[in-house]
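Chemist: This is the structure I want to talk about, given as structure tokens.
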Amino acid sequence: MGRTKSSTSQAFTAEERAAMKEHAEERKKEARRASRADKAAAAERDVLDKIATMSDHDRALAERVHAIVRENAPTLAPKLWYGMPAYALDGKVVCFFQNAEKFKVRYATLGFNDTAKLDDGDMWATSFALVNMTPEVEERIAELVRRAVG
């Protein structure tokens, strides 16, 4: 049995539907850009512009995550992914920052996709709650990002 329009709209929250719509717009925008250098510069601007729209607390966390990723994994390219700042290697998202406000949750998240080289036996974490940025948290993020790109 196929989904009806009403059951589809109930399957996703308004925030999830908005994120999917943002992702479709990001893909269209990416495709329209000319050269690789133009795409990279524009993608970084898009990420910084998105960070600038966040609430004060989320913005402060996202700015530090962005700086840490750029410093510790320069091979990762910033890009928007479902309306979130993300960092990709060869076009595949390795890690991303999900601000708390986006999905109306109580903490921001630093997440890693399956392309991240964080494997540790039979089970390992792929997302981390971010509440406050301390020197210890910054070092942990730097370590995770360095590990993620191998």
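Chemist: Determine the dipole magnitude for region 12-149: charges of +1 sit on the beta-carbon of Lys and Arg, -1 on that of Asp and Glu, nothing else is charged, the reference point is the Cα centre, and the result goes in debye to the nearest 20.
Modeler: Numbers: 23 positive and 24 negative charges, 121 e Å.
Once rounded to the nearest 20, the dipole reads 580 debye.
Chemist: Pick out, from 65, 23, 137, the residue whose Cα sits farthest towards the positive end of the charge dipole of region 12-149, with +1 on the Cβ of Lys and Arg and -1 on the Cβ of Asp and Glu.
Modeler: It is 23, whose Cα lies furthest towards the positive end.
Chemist: Next question, about the same structure. Of all the stretches in the chain, which is the longest one without any exposed loop site, taking trypsin sites (Lys or Arg not before Pro) in a DSSP loop (any state but H, G, I, E, B) with at most 14 other Cβ atoms within 10 Å?
Modeler: Values: sites that count: 3, 33, 104, 106, 117.
Counting at most 14 other Cβ atoms within 10 Å as exposed, the longest clean stretch of the chain is 34-103.
Chemist: Are there chymotrypsin sites (Phe, Trp or Tyr not before Pro) in region 85-150 that DSSP puts in a loop and that have at most 13 other Cβ atoms within 10 Å, and which ones?
Modeler: Numbers: sites: 87, 96, 97, 103, 107, 112, 124, 128; in loops: 107, 124.
Of the chymotrypsin sites (Phe, Trp or Tyr not before Pro), the ones in loops of region 85-150 whose Cβ has at most 13 other Cβ atoms within 10 Å are 124.
Chemist: Sticking with this structure for a sec: For region 12-149, what does the alpha-carbon gyration tensor say about shape, rounded, prolate or oblate, given a ≥ b ≥ c as the root eigenvalues, a/c under 1.5 as rounded, and a/b over b/c as prolate?
Modeler: It comes out rounded by the Cα gyration axes.
Chemist: If you average the alpha carbon positions of region 11-82 and of region 100-150, how far apart do those two centres end up, in angstrom?
Modeler: Measuring centre to centre over Cα atoms gives 17 Å.
Chemist: May I ask which of 39/117; 29/50; 50/92; 50/117; 21/79; 28/117 have a Cα-Cα span longer than 23 Å here? Each step should come with its number before you reach the end.
Modeler: Working: 39/117 26 Å; 29/50 14 Å; 50/92 19 Å; 50/117 27 Å; 21/79 16 Å; 28/117 29 Å.
39/117; 50/117; 28/117, as the Cα separations exceed 23 Å there.
Chemist: Amide H to amide H under 5 Å from residue 113: which residues, 5+ apart in sequence or cross-chain, H placed 1.01 Å off N in plane?
Modeler: 95
Chemist: Also: Can you give me the relative contact order of region 12-149 as a percent, contacts being Cα pairs under 8 Å and 6 or more apart?
Modeler: Relative contact order comes out at 21 percent.
Chemist: Between residue 16 and residue 44, with labels modelled 7 Å along Cα→Cβ, what's the label distance in nm to one decimal, could you check?
Modeler: The two pseudo-label positions are separated by 3.5 nm.
Read-outs throughout are calculated quantities, based only on the coordinates presented, and are distinct from any laboratory measurement. As the structure is a computational prediction, the values presented were derived from the model and not from experiment. Cβ coordinates were reconstructed from backbone atoms using ideal geometry, including for glycine residues, and neighbour counts include every protein chain displayed.
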